[in-house]
Ligand SMILES: [Zn+2]
């Protein structure tokens, strides 16, 4: 993995929405601790059940967070892009809840999990930002579970495209097979849905990538899950403990 020797630069925007939401004072504390790294396709950032040393704030690309099925197959639980943090649960346990694999190559800011735990005790808004993200992840997983059980492959694929667009950008490097694996669907079904979206002018396909051509129509084609997930990402947390900045985070030994 490539690892630059430069940090974010005090006061600069990193490209990660969670880091960039921090006030200047908090960012000045975290900036010396984060290192810019490249994310290579298929790179494993964490293994489910194993110790976690580093956490990643992606600035581009997409990280697929997966859990093992009974037959050893990996099922995508959620994906993380520039809006979030890979493996936030490790802040509390140092153990990976999921296997995190880079699905779309990109870059991230990496931090040692112990360094981040230390910063949580020193900063004002970082705990709130992390809890807000954890809340949005919980909402996303609830909706994704509901979507997988009750909604069609087309609705699930549209949701995946909308979340990939939000997390990564307008051009999404992916294949029919990689989407099928992420959704646990048949490749042929994915191809049929993508063809219908192309015919409606909602997306454009080229070799190894999908471009969102009409974001509004893509949202129109989605189930209610996207709006609920979006609301979870944008919620303004109300919490007395946070307001008093008396949050205490204790790691298990
Ligand atoms: Zn749905």
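Some values worked out for this structure:
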| quantity | calculated |
| --- | --- |
| Global form of the chain, assessed from the alpha-carbon gyration tensor, a/c cut-off 1.5 | prolate |
| Angle between the chain longest axis and helix 153-168 axis [Cα atoms, degrees, rounded to 10] | 40 degrees |
| By average C-beta atoms within 10 angstrom, highest first, the peptides 182-194, 82-94 | 82-94, 182-194 |
| MRE, 222 nm, helices only [DSSP H, n ≥ 4, -39500 (n - 2.57), over the chain, to nearest 500] | -12500 deg cm²/dmol |
| Percent antiparallel among DSSP beta bridges (both partners in the chain, rounded to 5) | 100 percent |
| Relative contact order %, the chain, counting alpha carbon pairs below 8 Å whose residues are six or more apart | 20 percent |
| Helix axis angle, 113-122 relative to the chain longest principal axis, alpha carbon, degrees | 60 degrees |
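Every number in this text was worked out from the coordinates using simple rules, so none of it is lab data. Keep in mind that what you see is a predicted model, and the values were worked out from it rather than measured. Quick reminder, even Gly has a Cβ in these numbers, built from the backbone with ideal geometry, and neighbours come from all protein chains shown.
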